[in-house]
Amino acid sequence: KAAKDEEAKTLKADLDRLRKNQTELEQLIPTSMVMRELEQPRDTFVLIRGQYDKPGDKVEADVPAALPRLPEGTPRNRLGLARWLTHPSHPLTSRVTVNRYWQSYFGTGLVKTSEDFGSQGALPTHPELLDWLAAEFMASESAATTWDIKHLQRLLVTSAAYRQASRATPSLIARDPENRLLARGPRHRLPAEGIRDLALSVSGLLQHKIGGPSVSPYQPPGLWEELMARADGKNWTAQEYSQSHGADLYRRTMYTFWKRTCPPAQLATFDAPDRETCTVRRARTNTPLQALVLMNDPTYVEASRKLAERILLEGGVTTEERITFAFRLTTARKPTLRELAVLRRVFEQQLSRFQDEPA
């Protein structure tokens, strides 16, 4: 009997070990939620005054009457809806997409109300241009495929409208303060994610790895912990902030872990939406706190140090060469003689200060 007990213990230990190995292996496999249509869809009714116990007329899956009908033979499910949205006869999908990309480059869309193309939205300032871009986006002879986003981006950034100088004269500002007539190039601040990514990119710190889990870059201590609702919150997911290290600190901002009840402070300071609702058009503010973030946040301090190293190693020998190198990295153009003189003067002042006060 003792021998059988020992054998049973050994077998149970082996079984537990194998089950643990199986669980660990399964956790390594990425999973995704998959939805499937019911073989027999449930009956759906209009609810009178929204009350669930007062069904009204029976309704079926369909598209708005003001828009084109579903293509012939298209199933009335999510697949059919996707085909309808991307059908060449559909008037909205391509226009809305093109308008949002235009907004990202020019600050304002051809339709200013990019979140509303309905009867309450603004009319396009250049309707023929919007139509042409939408048609070009859906099916261009020069694009690699239909709905080619890279082709659209290249088209916008190489356009004469985008490549204009952003300098504004008093007469232009008086006649067209919002630049809706596109008489000058775009002049607006990058979104929160772009500001951080640009700082990391010009310094050489940005990690270009694609994909993978979210990361937790620098963040002021105690934010998550301040919002813990329970004394035992540390036993639950995402209650205490665990900062990433190494290369994960410098991944693109799109990989930053986002806690909806406590958005990343650095991004919130630069008007990133809190993701409580879908936001198509962001507000832009200018606050002293934004300047403090750029001057003191560890991400920007480290980026400035690495940029300085890069200037010394790659920027040339003379002060003018190094200033020009840094200016081109950060602004994508060469400095004017006046700008060069100002930056040279600032450099000499700072150099003198550090030589006089080494501590």
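The values are calculated or read from the model by the stated rules, or taken from the named source; none is laboratory data. For clarity, every value in this text was computed on a predicted model and none was experimentally measured. Every residue, glycine among them, receives a Cβ derived from its backbone with ideal geometry; neighbour counts consider all protein chains shown. Ligands, DNA and RNA are stripped out before the accessible areas are found, and what is left, the full protein with its side chains, is counted by its heavy atoms. Shrake-Rupley method; radii C 1.70, N 1.55, O 1.52, S 1.80 Å.
Once the piece of chain linking N21 and L67 is laid out straight, how much longer is it, given 0.36 nm per residue of separation minus the C-alpha distance between them?
Difference between extended and current length: 11.1 nm.
Please work out the C-alpha center-to-center distance from the range 10-69 to the range 186-225 and express it in whole Å.
Going from one Cα centre to the other spans 34 Å.
If a helix is a whole DSSP H run, which ones in the chain reach 15 Å or further along their own axis (Cα) and hold a mean Kyte-Doolittle hydropathy of at least 0.5?
Numbers: long enough: 2-28 (39 Å, -1.29); 93-106 (20 Å, -0.81); 127-138 (17 Å, 0.56); 192-203 (17 Å, 0.53); 298-314 (23 Å, -0.24); 319-331 (18 Å, -0.24); 337-356 (28 Å, -0.44).
Answer set is 127-138, 192-203.
For T86 and I29, FRET efficiency with R0 = 45 Å and r from the beta-carbon atoms, rounded to 0.05? Could you put the intermediate results ahead of the total?
Details: r = 31 Å, r/R0 = 0.69.
Rounded to the nearest 0.05, the efficiency is 0.90.
Out of the range 52-149, which chymotrypsin sites (Phe, Trp or Tyr not before Pro) are coil in DSSP terms and have no more than 14 other C-beta atoms within 10 Å?
Details: sites: Y52, W84, Y101, W102, Y105, F106, F117, W132, F137, W147; in loops: Y52, F117, W147.
Sites meeting the loop and neighbour criteria: Y52.
With r as the distance between the Cβ atoms of E357 and T279 and R0 = 45 Å, compute the FRET efficiency 1/(1 + (r/R0)^6) and round to 0.05.
Numbers: r = 47 Å, r/R0 = 1.04.
Efficiency at R0 = 45 Å is approximately 0.45.
First compute the accessible area of the range 1-146 with a 1.4 Å probe, then give the percent of it belonging to carbon and sulfur atoms.
Values: 6480 of 11510 Å².
Answer for the range 1-146 is 56 percent, counting heavy atoms of protein chains only.
Could you tell me the calculated FRET efficiency between A341 and R167, based on Cβ-Cβ distance and R0 = 25 angstrom, to the nearest 0.05?
On the way: r = 19 Å, r/R0 = 0.77.
It comes to 0.85.
Sorting L70, L85 by accessible area (1.4 Å probe), largest first, what list results? Show your work: numbers first, answer last.
Numbers: L70 35, L85 65 Å².
Sorted by accessible area, descending: L85, L70.
Please identify, among L92, L340, L47, the residue showing maximal mean-square fluctuation in a Gaussian network model of the chain using a 10 angstrom Cα cutoff.
Sorting by GNM fluctuation, first place goes to L47.
Within 10 Å, at most 16 other Cβ atoms, and a DSSP state outside H, G, I, E, B define an exposed site. Report the longest part of the chain free of exposed GluC sites (Glu not before Pro).
Numbers: sites that count: E37, E39, E60, E72, E115, E141, E178, E240, E276.
Result for the longest clean stretch: 277-359.
Per residue, how much accessible area does the chain have with a 1.4 Å probe, in Å²? Can you show the working numbers first?
Working: 25840 Å² over 359 residues.
Accessible area per residue, the chain: 72 Å².
Which parts of the range 140-172 would a label at L181 reach, counting a residue when its backbone N lies under 13 Å from a point 7 Å out along Cα-to-Cβ?
The answer is 169-172.
As a test question: what accessible area, to the nearest 10 Å², does K12 have when a 1.4 Å probe is rolled over all protein chains in place?
120
Using 16 Å as the cut-off for backbone N distance, which residues of the range 236-263 belong to the label zone defined by a point 7 Å from the Cα of E225 along Cα→Cβ?
Flagged as within label range: 236, 238-244.
Only four residue types carry charge here, +1 at the Cβ of Lys and Arg and -1 at the Cβ of Asp and Glu. Report the dipole size of the range 108-191 about the Cα centre in Debye, rounded to the nearest 20. Walk me through the numbers before you get to the answer.
Details: 10 positive and 9 negative charges, 124 e Å.
My answer is approximately 600 debye.
Keeping every protein chain in place, order L198, L110, L67 by accessible area at 1.4 Å, biggest value first, i.e. largest first. Present the calculation step by step, with values, prior to reporting the outcome.
Working: L198 75, L110 5, L67 40 Å².
The ordering from most to least exposed comes out as L198, L67, L110.
If a paramagnetic tag sat 7 Å from the Cα of A139 along the Cα-Cβ line, which residues of the range 146-161 would have the backbone N under 14 Å from that point?
146-148
What is the local net charge at E26, summed over the other residues whose Cβ is closer than 12 Å to its Cβ (Lys, Arg +1; Asp, Glu -1)?
Working: positive: R19, K20; negative: E24.
Here the charged neighbours net out to +1.
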